[in-house]
1. Where nothing but the Cβ of Lys and Arg (+1) and of Asp and Glu (-1) is charged, how large is the charge dipole of region 64-151 around its Cα centre, in debye to the nearest 20?
2. Rounded, prolate or oblate for region 1-47? Axes are the square roots of the Cα gyration tensor eigenvalues, ordered a ≥ b ≥ c, and the cut-off for rounded is a/c under 1.5.
3. Projecting each Cα onto the charge dipole of region 37-140 (Lys/Arg +1, Asp/Glu -1 at the beta carbon, about the Cα centre), which of Phe47, Ala85, Thr73 comes out farthest on the positive side?
4. Between Arg84 and Leu35, what length in nm is gained on full extension when 0.36 nm per residue of separation is reduced by their alpha carbon distance?
5. Restricting attention to the alpha-carbon atoms of region 1-123, what are Rg (one decimal) and Dmax (integer), both in Å?
6. Determine the gain in length on full extension of the stretch Leu72-Phe16; use 0.36 nm per residue of separation and subtract their C-alpha separation, reporting nm with one decimal.
7. Please give the FRET efficiency for Ser44 paired with Ser133, using the beta carbon to beta carbon distance and R0 = 25 Å, rounded to the nearest 0.05.
Amino acid sequence: MEVLRDISFTLEDHFFVTVVGKSGCGKTTLLRILLGLETVSQGSVYFFRNSGNEGSPKASIVFQEPRLMPWLTVGQNIAFSMARASDKVRIQETVDFYLTLLGLMDFRDAYPSQISGGMAQRVALGRTLCFDSDVILMDEPFGALDAFTRRNLQKGNQIKETYGRKPVFPLI
């Protein structure tokens, strides 16, 4: 089945872009192609061409479904993307930051089977944000979040007071 045809676009640094389309039109396929998880049948893909980054850029994705490791706790799932980091204090501070931001601090030691679907999606979001990538691709990551959580993520002021940094979540 042909899903994408004649796709061409260029994005500048520091932009937030949304791809909108009907279910099945190829949005997820496009993201998977950009990350190299799918191959194209023809044409070329240039991801981060002339970006000025040394080596390959760090890219991450939040999938439509959480894809958590069931044997890891909420805190361990969030910290998973930082597994290669050596500064344990920095890892703990970063995990605490995102647990607080995402309203999951009380569930740090819970396993995925013990939390709701919306909470699991927030864990997946936290894991992706901890990776500190050059670009984050998101495939409908906020569909499982309630209105209260979205509003709290957009504000983020209480997090800034506690941790000295304010997260940026455009139009969740």
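1. 100 debye
2. Oblate, because a/c is 1.5 or more while a/b does not exceed b/c.
3. The one lying farthest along the dipole's positive direction is Ala85.
4. 15.6 nm
5. 17.8, 49
6. Residue separation times 0.36 nm, minus the Cα-Cα distance, leaves 17.0 nm.
7. For Ser44 and Ser133, the calculated efficiency is 0.65.
A short reminder: the numbers here are calculations on the coordinates, not readings from a lab. Values in this document were obtained by computation on a predicted structure and should not be read as measured data. Here the Cβ is made from the backbone with ideal geometry for all residues, glycine too, and neighbour counts use every protein chain on show.
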